[in-house]
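Below is one structure, written out as structure tokens, with a few remarks after it.
Rule-based calculations on the coordinates, nothing more; no lab input. Note that the structure is a prediction, hence the values are computed from the model and not measured. Cβ: placed from backbone, ideal geometry, glycine included. Neighbour counts: every protein chain shown.
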Amino acid sequence: MKINVVIPTICKDLDILDDSINSLKRYIRKTHHKVFISLISIGKSFAVQSNIGASMVNSDLILFMNDDIIIKSDFIDSMVETMFNLDVHIVGCRLMYPNNTIQHIGVWFNEPNGCPYHKHIGDPYDPHNKEHKTGYRDAATAAFMLIKHDIFKSVDMFDEHYINGFEDVDLCCKVINKFGKNKIAIDAKPEVVHFESLSRGRDFECVKYNFYGIFKTKWKWNNKKHIWELNNEVHGK
């Protein structure tokens with residue numbers, strides 16, 4: 001299977017970027033899949049650079065990867081296996097902070113208002129905790145996300161209105177709306193460290209605007225179905 005790793009970057013710390021890419025190369029040598037790396041650096045947002053990277057390649061799967069990720073174990077075979085064993089279109093990954101606490105183990109939609117949140121953030125990883133195990137999630141971060149290339153194109157890729165935040169949750173919502181629930185999963189087995197925005201920075205005022213100014217205008221929460229649906233009043237459908 002052909003897999004392209006797309007790394008959008010505006011990294012100012014070349015040591016972090018080098019460490020990230022070297023950790024990736026160390027483990028892609030061990031897989032039987034054909035893996036290629038595309039580094040995109042044109043000073044644009046995560047969504048714009050990721051879409052450009054995805055449009056330039058011809059592969060079965062795409063792995064979107066932040067430039068502040070350090071991989072510490074085999075991951076490709078495990079994530080591909082999770083994708084096909086669980087019959088999903090998107091596989092995220094357990095991400096840990098450098099202090100060995102959880103940064104990401106999936107995104108949950110909190111009832112009754114559907115607010116997306118990172119459950120268990122800052123907790124120690126417990127492989128016996130059901131919510132720390134490989135399984136279905138409401139959404140996943142694109143900091144380290146494997147997606148079927150044809151599915152990504154079929155939902156019109158990342159929405160480029162978002163600036164470094166919520167474009168991944170929006171993508172997951174598009175997949176759910178088009179293909180149904182249980183199409184997104186987390187693989188908890190690989191060991192991956194995320195320095196979270198250390199290299200590109202994050203404007204949290206932009207993140208707030210992404211959610212309240214874009215996401216909540218575009219989407220409407222359906223608590224009965226436990227999904228975000230397109231706001232027909234906005235989209236005129």
The chain: antiparallel DSSP beta bridges as a percent of all, rounded to 5: 60 percent
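When the chain is fully extended, how far beyond the present Cα-Cα distance does residue 37 get from residue 217, taking 0.36 nm per residue of separation? Numbers along the way, then the final one.
On the way: separation 180, 0.36 × 180 = 64.80 nm, distance 3.50 nm.
Full-extension gain reported as 61.3 nm.
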Taking 0.36 nm per residue of sequence separation and subtracting the Cα-Cα distance, how much length would be gained by fully extending the chain between residue 231 and residue 209, in nm to one decimal? 6.2 nm
About the Cα centre, and with charges only on the beta carbon of Lys, Arg (+1) and Asp, Glu (-1), how big is the dipole of the chain? Nearest 20 debye, please. 560 debye
Checked segment 36-76 with the C-alpha gyration tensor, a ≥ b ≥ c its square-rooted eigenvalues, rounded below a/c of 1.5, otherwise prolate if a/b is larger than b/c and oblate if not; verdict oblate
Charged-residue dipole, Cβ positions (Lys, Arg, Asp, Glu), segment 127-203 about Cα centre, Debye nearest 20: 400 debye
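State whether segment 117-212 is rounded, prolate or oblate according to the following rule on the C-alpha gyration tensor (a ≥ b ≥ c being the square roots of its eigenvalues): a/c under 1.5 gives rounded; otherwise a/b larger than b/c gives prolate, and the remaining case gives oblate.
Details: a/c = 1.82, a/b = 1.12, b/c = 1.62.
Oblate.
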Could you work out how far helix 167-179 tilts from the main Cα principal axis of the chain, as a 0 to 90 degree angle to the nearest 10? 70 degrees
For the chain, restrict the atom set to alpha-carbon positions and state the Rg and Dmax in Å. 16.7, 50
I'd like the orientation of helix 14-28 relative to the chain: the angle between its Cα long axis and the longest Cα principal axis, in ° from 0 to 90, rounded to 10. 80 degrees
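Does segment 1-114 come out rounded, prolate or oblate by the C-alpha gyration tensor, with a ≥ b ≥ c the root eigenvalues, rounded set by a/c under 1.5 and, if not, prolate when a/b is larger than b/c and oblate if not? Spell out each step's value before the answer.
On the way: a/c = 1.25, a/b = 1.11, b/c = 1.13.
Cα axes put segment 1-114 in the rounded bin.
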Would you work out which of 42, 8, 140 lies farthest towards the positive end of the dipole of the chain, given +1 charges on the beta-carbon of Lys and Arg and -1 on that of Asp and Glu, about the Cα centre? 140
Once Lys and Arg are counted +1 and Asp and Glu -1 for all other residues with Cβ under 13 Å from that of residue 33, the total becomes 0
Place the peptides 144-150, 83-89, 168-174 in order of packing, highest mean first, counting for every residue the other Cβ atoms within 10 Å and averaging per peptide. 168-174, 144-150, 83-89
Considering the dipole of the chain built from charges on the beta carbon (Lys and Arg +1, Asp and Glu -1) around the Cα centre, which of 177, 188, 165 is farthest to its positive end? 177
Per-residue HN-Hα couplings for segment 56-73, Karplus 6.51 cos²θ - 1.76 cosθ + 1.60 at θ = phi - 60°, whole Hz, x for Gly and Pro? 8, 10, 10, 9, 6, 10, 10, 10, 7, 9, 5, 8, 10, 9, 10, 8, 10, 7
Using θ = phi - 60° and the Karplus form 6.51 cos²θ - 1.76 cosθ + 1.60, what ³J(HN,Hα) does each residue of segment 96-104 get, whole Hz, x for Gly and Pro? 10, 6, x, 7, 6, 10, 6, 9, 7
Angle check, please: helix 46-55 long axis (alpha carbons) against the longest principal axis of the chain (alpha carbons), in degrees 0 to 90, nearest 10. 70 degrees
